[in-house]
Amino acid sequence: MPGNPFPLDKPDLLKAYRIMRTIREFEERLHVEFAKGDIPGFVHLYAGEEACATGIMMHLTDVDRIASTHRGHGHCIAKGVDVHEMMAEIYGKVTGACRGKGGSMHIADLAKGMMGANGILGAGAPLACGAGLAAKFRGDGGVGVTFFGDGASNQGMVLESMNLAAVWNLPVIFVVENNGYAESTSVEYATAVDSYVDRASGFGLPGVTVDGTDFFAVHEAAGEMIRRAREGGGPALLECRMIRFFGHFEGDAQTYKAAGENELNRRNRDCLKMFAARLREAGVVSAVELEMIDKDVESLIEDAVVSAKAAPLPTAHDLTTDVYVAY
Amino acid sequence: MARKISMKQAINEALDLEMRRDPTVIVMGEDIVGGAGSPGEEDAWGGVLGVTKGLHAKYPGRLLDTPLSESAYIGAAIGAAACGMRPVAELMFLDFMGVCFDQILNQAAKFKYMFGGKARTPVVIRAMVGAGFRAAAQHSQMLTPVFTHVPGLKVICPSNAYDAKGLLIQAIRDDDPVIFCEHKNLYGLETDVPAEAYAIPFGEANVVREGKDVTIVSYGLTVHRAFEAAEKLARDRIEAEIVDLRTLSPIDWDTVIESVENTGRLVVVDEANPRCSIASDVAAYVAEHAFGALKAAPQMVTAPHTPVPFTPVLEDLYVPTADAIAAAVSRIAPRAMAA
C-alpha cells in the first residue's frame, strides 16, 4: 500500500469526490429533465466546473459565507445546501429551499452560509464584503467568498468591492470563475487584460491564477488565501481557468463554440475524471470505492427528482407572504 | 424630559442611543470619520452636513468611513445585515442611488421574499432628499416614490425632529431594509423631543391638524407648507385636516380614508414629480376606496415634471407652495361650500 501523496486524508478525498460527483449528477440530470419541459424559467449548469467549487468549499464551514452567481448549483451543493430542497426549488415547489419563490437563480440557505445564487452579475462581491465585515466584527474567524465569472469581472461593483475589501482589510476571497465565455462573448473580446491577477494587484490584493479543472491546484491556492484571511491578512483574488460543459443556459445552441469543443473538453479536461484517475493511480482509493459513491449519488439525485416532481406547489396565499416581516 | 432640538440633532441622538443599546449597530458612510485626527479637526466631519458628528469619538471602530464607492459599501451594509449586523449606511444624497441601486433594488429588497422568508436584512439606508438648497438637479430630488414602488423596502420620511428620532430608532430595530429619507431643509427645524429612546411604529400616519372641510395628505417638508395653507384657508372659514403620512411604505391607508370620509375632499401634496408619485398613489387609492365619500375630484399639488432647477428664482417655484396648496383646496372647497 503506497503512502498518500495528497494534502487531504482519505475520508476528505472521498468527500471531495462525492461533492464533485453530486454536482455532476445533479447537473447532467437537470440537463435531461429540463429538455422534457417540466422545469420553468432559466437553468444555468455548472457541470465541468466542479473542481473549483469543491476545492474552495472544502476549506469552509457554516460560519463562512459565500455569495454565488446565476450558475450557483455547484456552489450550493459544495456549501452543504440540501439537494432535495434545491431540486424542489428548481421545480418551483413549496418544499424548495426558498419555498418556490427563488428558483434556480436564487437558491440560498443562510444557515449553511450560502447567501444566495444571484441573477445580477457581480452583485455578490459587495455582499461578500458585508459578510467579511460581519465576521470581522464578531471576531469569529469567518471569511466571505464571492464567485463571479469572467464576464461579471468587468462590473464596476466587483472592482469597487476589491478596493473596499483592501481598504477595510476584510477577510474576503474574490474568485473569478473564468470559463472563457460571458454568455456567448469570449473573454478575449470582453476583457482587456490577459490575467485577472493584474487587476488584483491594481487594488493591492495578492492574486493567483490556477487551472480550475485541477482540484488540487484550486484547493491549495484557496487554502492559503483563506488561512491568510482568517488570520487578519486581508482579501485576495483567485482566478480559476475552467470549462463549461454546457451552454450559457439550457437551450443555448452554443454556436459560438468551435466544432467539437465540448467533446474535446469532455475527453481531455474533465475535472471529475481527472480527479478520480489521480486518486486511483496513487492507489489511495479503489475503483470500487468510487463506484459505491457513484451509486449513492445516482440514487440521491433520482430520489430528489422524483420527490421534487411529486411535491406540492405553493398556493395563492404564498404570493404575498414574506415581503415584510409581518405582512 | 423633552427639550427643543433640531431634526439633525434628533437623528444623531437616535443613532447614539441605538449604538449604545445594541453592539451590532454600526454606521458607515462617506466622510463620516473623514478628518478625524487631522489638524484643525477636533473630532470628525460626521458626514457632509455633520449629522453623525461626535459618534466616532464615542464608538471607536463602529463608524466606518467608506471610499467613494456606493455600490460596494451599500452592498457591504446589506451583506453585513444578512449576516447578523444592524448597519446604518449613509448614502449622503438619495440622488446617488443610481450608482448603487442594484444592491437596494435587487438584493436588499428581494432577499426575504426570494429566499422564501428565511432571510432578515436589517439595514437602514439614510439619505438626504428634497429641494431648497440651490443644489441643482443631482442633489435635490425627492425620490421617495421610486423606493415606495419597490416591494420589500420600507420608506420613511419624517417631517419633524420628534418623528425623526422615533422613526429612526424603529428603523434600526426593524428586521427589514429601510430607506430613511431626511429632508435637508428640515435639519435645522427644532421641535420638542424627549431625551430618552422611543420608537414610532411604521404605518401610523399622524393627523397633525384637525378640520372638517378638506383632507390634505402630505409628508416631509410639504407638511409645513400645508400648515401655512391651512392657516390662510382658516381665514376663509375653510378648516383643513392635515395628515402627515410619516411612513410611505408601509402606508396608513386607514387614517387617510377615515379622514376623507369625514371631510369629503382630498388634496395630496408631494414634493416629488407628479407621475407615479405618492400624490398619484394616494389620489388613486382614495378614488378607488372612498369614491362615494368624495364631493369633488381629488387634487394633486406636486413639483412640476421637471428636474430641480438651480437658480433660486426657479427653485422657489419648484417645491409646492402654501399658495398652490390653498388654491387647490379652493378649487374643490369654495368659500360658499364651506359655509
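Computed values, structure above
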quantity	calculated
Enumeration of residues in segment A:283-307 that are outside any helix (DSSP H, G or I) and either among the charged types (D, E, K, R) or without any contact (Cβ under 8 Å) to a residue 60 or more places away in the chain (or both)	A:286
Where a residue in segment B:12-32 is in contact (Cβ under 8 Å) with a residue 60 or more places away in the chain and its partner, wherever it lies, is polar (S, T, N, Q), with Cβ under 7 Å and at least six apart	B:15/B:52; B:27/B:52; B:28/B:66; B:29/B:66; B:30/B:66
Test: residue B:286 is within 13 Å of residue B:329 (Cα to Cα), of a type outside the set (S, T, N, Q) and under 22 Å from the mean Cα position of the chain (by Cα)	no
Of all residues making up segment A:88-121, the number that are within 8 Å of chain B (Cβ to nearest Cβ) and among the β-branched types (Val, Ile, Thr)	1
Output for segment A:157-206, where each listed residue is hydroxyl-bearing (Ser, Thr, Tyr) and crowded, with 19+ Cβ neighbours inside 10 Å	A:161, A:181, A:191, A:196
Count of segment A:122-157 residues which are more than 9 Å from chain B (Cβ to nearest Cβ) and either touching a strand residue (DSSP E or B) at 6+ places or on another chain (Cβ under 7 Å) or free of Cβ contacts under 8 Å to residues at least 12 places away in the same chain (or both)	10
Only one of A:244, A:228, A:266 that is farther than 20 Å from residue A:131 by Cα, within 22 Å of the chain's Cα centre (by Cα) and in a helix (DSSP H, G or I)	A:266
Filter result for residue A:274 (outside any loop (DSSP other than H, G, I, E, B), over 30 Å from residue A:204 (Cβ atoms) and modelled with pLDDT of 95 or more)	yes
In segment B:107-150, the residues that are among the charged types (D, E, K, R) and either closer than 27 Å to residue A:86 by Cβ or not in a loop (DSSP other than H, G, I, E, B) (or both)	B:110, B:112, B:118, B:120, B:126
Options B:237, B:225: the member that is under 18 Å from the mean Cα position of the chain (by Cα) and basic (Lys, Arg)	B:225
Total residues in segment B:264-296, condition free of Cβ contacts under 8 Å to residues at least 12 places away in the same chain and out of contact with any Pro (no Cβ under 7 Å at 6 or more places or on another chain)	4
Every pair of residues 6+ apart whose Cβ atoms lie under 7 Å, when the first sits in segment A:308-327 and is more than 14 Å from every other protein chain (Cβ to nearest Cβ) and closer than 15 Å to residue A:89 by Cα while the second is at pLDDT 95 or above and in a helix (DSSP H, G or I)	A:308/A:87; A:308/A:88
Residues of segment B:52-95 satisfying the condition of being farther than 19 Å from residue B:20 by Cα and either part of a loop (DSSP other than H, G, I, E, B) or more than 10 Å from every other protein chain (Cβ to nearest Cβ) (or both)	B:66, B:67, B:68, B:69, B:83, B:91, B:92, B:93, B:94, B:95
Residue satisfying condition, being among the charged types (D, E, K, R) and in contact with a His (Cβ under 9 Å, 6 or more places away or on another chain), within set A:281, A:250	A:250
Test: residue in segment B:196-217 that is farther than 29 Å from residue B:263 by Cα and of a type outside the set (A, V, I, L, M)	yes
Residue in segment B:102-112 that is of a type in the set (D, E, K, R), buried (at least 22 other Cβ atoms within 10 Å of the Cβ) and either over 24 Å from the mean Cα position of the chain (by Cα) or away from chain A (no Cβ under 14 Å) (or both) present	no
Restricting segment A:308-322 to residues that are in contact with a helix residue (DSSP H, G or I) (Cβ under 6 Å, 6 or more places away or on another chain) and at pLDDT 95 or above, the residue that is surrounded by the most Cβ atoms within 10 Å (Cβ to Cβ)	A:308
Single match in B:92, B:97 (criterion: in contact (Cβ under 8 Å) with a residue 24 or more places away in the chain, within 20 Å of the chain's Cα centre (by Cα), surrounded by fewer than 24 Cβ atoms within 10 Å (Cβ to Cβ) and at positive phi)	B:92
Unique residue being buried (at least 24 other Cβ atoms within 10 Å of the Cβ) and either touching a strand residue (DSSP E or B) at 6+ places or on another chain (Cβ under 7 Å) or not charged (D, E, K, R) (or both) when the list is A:111, A:51	A:51
Filtered residues of segment A:160-176 (kept if more than 14 Å from residue A:206 (Cα to Cα) and either in a helix (DSSP H, G or I) or touching a Phe, Trp or Tyr at 6+ places or on another chain (Cβ under 6 Å) (or both))	A:160, A:161, A:164
Which listed residue, of A:154, A:169, is within 26 Å of residue B:22 (Cα to Cα) and of a type in the set (S, T, N, Q)	A:169
Within segment B:125-179, considering residues that are out of contact with any Lys or Arg (no Cβ under 9 Å at 6 or more places or on another chain), at negative phi and among the charged types (D, E, K, R), the one nearest to the other protein chains (Cβ to nearest Cβ)	B:154
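For every residue, the table says whether it meets (1) of a type in the set (D, E, K, R); (2) buried (at least 24 other Cβ atoms within 10 Å of the Cβ); (3) over 27 Å from residue A:222 (Cβ atoms).
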{"site": "A:9", "(1), (2), (3)": "yes, no, no"}
{"site": "A:35", "(1), (2), (3)": "no, no, yes"}
{"site": "A:41", "(1), (2), (3)": "no, no, yes"}
{"site": "A:64", "(1), (2), (3)": "yes, yes, no"}
{"site": "A:73", "(1), (2), (3)": "no, yes, no"}
{"site": "A:77", "(1), (2), (3)": "no, yes, no"}
{"site": "A:84", "(1), (2), (3)": "no, no, yes"}
{"site": "A:93", "(1), (2), (3)": "yes, no, yes"}
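Yes/no matrix, rows are residues, columns are (1) of a type outside the set (Lys, Arg); (2) closer than 26 Å to residue A:294 by Cα; (3) crowded, with 20+ Cβ neighbours inside 10 Å; (4) in contact (Cβ under 8 Å) with a residue 12 or more places away in the chain:
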{"site": "A:218", "(1), (2), (3), (4)": "yes, yes, yes, yes"}
{"site": "A:239", "(1), (2), (3), (4)": "yes, no, yes, yes"}
{"site": "A:243", "(1), (2), (3), (4)": "yes, yes, yes, yes"}
{"site": "A:248", "(1), (2), (3), (4)": "yes, no, yes, yes"}
{"site": "A:259", "(1), (2), (3), (4)": "yes, no, no, no"}
{"site": "A:264", "(1), (2), (3), (4)": "yes, yes, no, no"}
{"site": "A:268", "(1), (2), (3), (4)": "yes, yes, no, no"}
{"site": "A:271", "(1), (2), (3), (4)": "yes, yes, yes, yes"}
{"site": "A:281", "(1), (2), (3), (4)": "yes, yes, no, no"}
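Every residue, every condition in (1) surrounded by fewer than 22 Cβ atoms within 10 Å (Cβ to Cβ); (2) in contact with a helix residue (DSSP H, G or I) (Cβ under 9 Å, 6 or more places away or on another chain); (3) modelled with pLDDT under 95, yes or no:
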{"site": "B:254", "(1), (2), (3)": "yes, no, no"}
{"site": "B:260", "(1), (2), (3)": "no, yes, no"}
{"site": "B:276", "(1), (2), (3)": "yes, yes, no"}
{"site": "B:290", "(1), (2), (3)": "yes, yes, no"}
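The values are calculated or read from the model by the stated rules, or taken from the named source; none is laboratory data. Keep in mind that this is a model prediction, so the values were computed, not measured. Here the Cβ is made from the backbone with ideal geometry for all residues, glycine too, and neighbour counts use every protein chain on show.
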